[in-house]
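Remarks on the structure that follows.
Where a number appears in this text, it was derived from the coordinates with a stated rule and is not lab data. Note that the structure is a prediction, hence the values are computed from the model and not measured. We place every Cβ from the backbone using ideal geometry, glycine too, and count neighbours over all the protein chains shown.
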């Protein structure tokens with residue numbers, strides 16, 4: 001089945017790519033999660049125009065995003081969490097928690113730009129990556145300490 005990706009999909013392609021996948025994968029995963037649409041010339045042109053508009057918008061904001069990345073790289077944040085006797089946390093630190101922590105420090109970052117494969121579930125130092133575009137990304141360190 002020939003489809004057009006509407007969002008980046010790991011191990012498959014980027015926005016606007018035309019790929020061929022098995023029909024079950026498209027019907028059961030890609031279409032319900034709004035990651036792809038069925039291929040047609042009309043749809044392909046519409047997706048191409050939309051992605052060009054998005055690229056132009058990000059290009060205009062690029063200087064601001066680079067400044068935010070500079071601020072993020074200088075950060076060393078600390079968060080106190082309840083934990084067991086070892087290093088395991090009772091809860092976990094999620095993208096939303098990190099976004100809220102950055103906002104408290106005066107840096108507006110939406111949680112969708114925070115690249116966190118799995119929630120943080122242990123005490124200690126952790127590197128968190130922030131990706132705005134392929135060209136504009138950075139990381140900051142966060143220290144998770146035991147709450148008294």
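Points worth noting:
- When shorter helices are ignored and each DSSP H run of at least 4 residues is given -39500 (n - 2.57), the per-residue value for the chain at 222 nm works out to -10000 deg cm²/dmol.
- Average Cα contact separation per residue, the range 66-146, under 8 Å, 6 or more apart, as relative contact order %: 39
- Rounded, prolate or oblate (a/c below 1.5 giving rounded, otherwise prolate when a/b exceeds b/c) for the range 2-60 by Cα gyration tensor: prolate
- The modelled label-to-label distance for the pair residue 79/residue 2, using points 7 Å beyond Cα in the direction of Cβ, is 4.5 nm.
- Seen through its C-alpha gyration tensor, with square-root eigenvalues sorted a ≥ b ≥ c, the range 1-147 comes out oblate because a/c lies at 1.5 or above while a/b is not bigger than b/c.
- In this calculation the C-beta distance from residue 118 to residue 56 is compared with R0 = 41 Å, giving a FRET efficiency of 0.75.
- Cα gyration tensor, the range 66-146 - rounded (a/c under 1.5), prolate or oblate: prolate
- Residue ranges 136-148, 112-124 sort as 136-148, 112-124 when ordered by packing (mean number of other C-beta atoms within 10 Å per residue, highest first).
- Of interest is the spacing of the C-alpha centroids, which for the range 63-86 and the range 7-41 amounts to 34 Å.
- The calculated FRET efficiency for residue 39 paired with residue 135, based on their beta-carbon distance and R0 = 41 Å, is about 0.90.
- Remark: relative contact order (the chain) = 20 percent; criterion is Cα-Cα distance under 8 angstrom and separation of 6 or more residues.
- Pairs of Cα atoms nearer than 8 Å and 6+ residues apart set the relative contact order; for the range 2-60 it is 35 percent.
- Between residue 67 and residue 87, full extension at 0.36 nm per residue minus the direct alpha carbon distance yields a gain of 3.7 nm.
- For the chain, the antiparallel share of DSSP beta bridges with both residues in that region comes to about 75%.
- Angle between the chain longest axis and helix 95-104 axis [Cα atoms, degrees, rounded to 10]: 60
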